[in-house]
1. What whole-number value in cubic angstrom gives the convex hull volume per residue for the C-alpha atoms of region 124-234?
2. Choose one answer from Gly201, Gly29, Gly106: the residue with the largest mean-square fluctuation in a GNM of the chain with alpha-carbon springs under 10 Å.
3. How many nm is it between the label spots at Val90 and Ala158, if each spot is 7 Å from the Cα in line with the beta carbon?
4. Just to be sure I understand: with springs between alpha-carbon atoms less than 10 Å apart, which residue in Ala117, Ala14, Ala217 has the highest mean-square fluctuation in the Gaussian network model of the chain?
5. Just add up the charged neighbours of Phe32: K/R +1, D/E -1, any other residue whose Cβ is under 9 Å from the Cβ of Phe32.
6. Return the subset of Lys97/Lys147; Lys147/Lys219; Lys44/Lys96; Lys45/Lys96; Lys44/Lys147; Lys165/Lys219 for which the Cα-Cα distance in this structure is over 23 Å, preserving the input order.
7. Arranged by the count of other C-beta atoms within 10 angstrom, fewest first, what order do Phe112, Phe213 take?
8. Out of Asp127, Asp28, Asp143, any idea which swings most in a Gaussian network model of the chain, alpha carbons joined below 10 Å?
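Where a number appears in this text, it was derived from the coordinates with a stated rule and is not lab data. All values derive from a computational prediction rather than experimental measurement. In this analysis, Cβ positions are derived from the backbone assuming ideal geometry, glycine residues included, and neighbour counts consider all displayed protein chains.
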Amino acid sequence: MNDYKGDRLPSNLAAIHQQINWLQQQPDGIIFQQNSGDNCIAVKKIKSFLLLILADRESLSTNVAQSILDLDNPLNLIFPYARAMLLALVWKNQPKKIYIIGFGGGSIPRVFHHYFADAIVECADIDQTVVEVAHKFFGIQFDDRLKVAIQDGREYLAQQNSPVKNDIIIVDAGFGSGYMPYRLVTQEFYQLCKTRLSSAGVLVVHLFHKEEFNAAAVKTLQTVFAQVYIGLAE
């Protein structure tokens, strides 16, 4: 397991804008593309928006942007699902520890890091290239309160041995095809999440775009958690 820290910068909006300002001058289109594992990772600029695209290497087809950055307002969560994930705050409005599986462009971790100064935001992503792209192109700044491990997110969660449990666990990991890894939708995985949650802690799962897959995942969640809420973000 490796922790990716990048260059440490002050955690404020001015520093973020300073780090991403150069992107405003870039022409529209693909400004970065690299194969990594089974995926092709690309960064595309459309006017004042930056898209992180994860495509299958064989077909190079995807209709999913993994992250979108508003260059004029980096704290703006463009995706409705990302805003919906913040509903976890209804149950835990002052989280002290948050764990996120799947980093992408780092939009959700950055919002938690910015608005909750006392919270530790711990993340895991299996692809170091994705994390490096988040740092270089999406202005993510790592410090003692925002950390990411380059490791399988389930394995990292299983290895957590801190006496301080997570108030919020977010599962936001998927393939370019729109499916989640099977190991993140099993009963055993959800039971692991439950053991790593604090009292009245909240698990939030992004189920992506496959309805038949999602129905099975919800049924599995209901075998572990007494209360399961389903939100539709269009």
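1. So the per-residue hull volume is 126 Å³.
2. Of Gly201, Gly29, Gly106, the most mobile in the Gaussian network model is Gly29.
3. It works out to 3.3 nm between the two label points.
4. Answer for the Gaussian network model of the chain: Ala14.
5. Values: positive: Lys44, Lys136; negative: none.
Summing Lys/Arg as +1 and Asp/Glu as -1 gives +2.
6. On the way: Lys97/Lys147 12 Å; Lys147/Lys219 32 Å; Lys44/Lys96 34 Å; Lys45/Lys96 35 Å; Lys44/Lys147 25 Å; Lys165/Lys219 25 Å.
Where the Cα-Cα span goes over 23 Å, the pairs concerned are Lys147/Lys219; Lys44/Lys96; Lys45/Lys96; Lys44/Lys147; Lys165/Lys219.
7. Working: Phe112 23, Phe213 15.
So the ranking, lowest neighbour count to highest, is Phe213, Phe112.
8. Asp28
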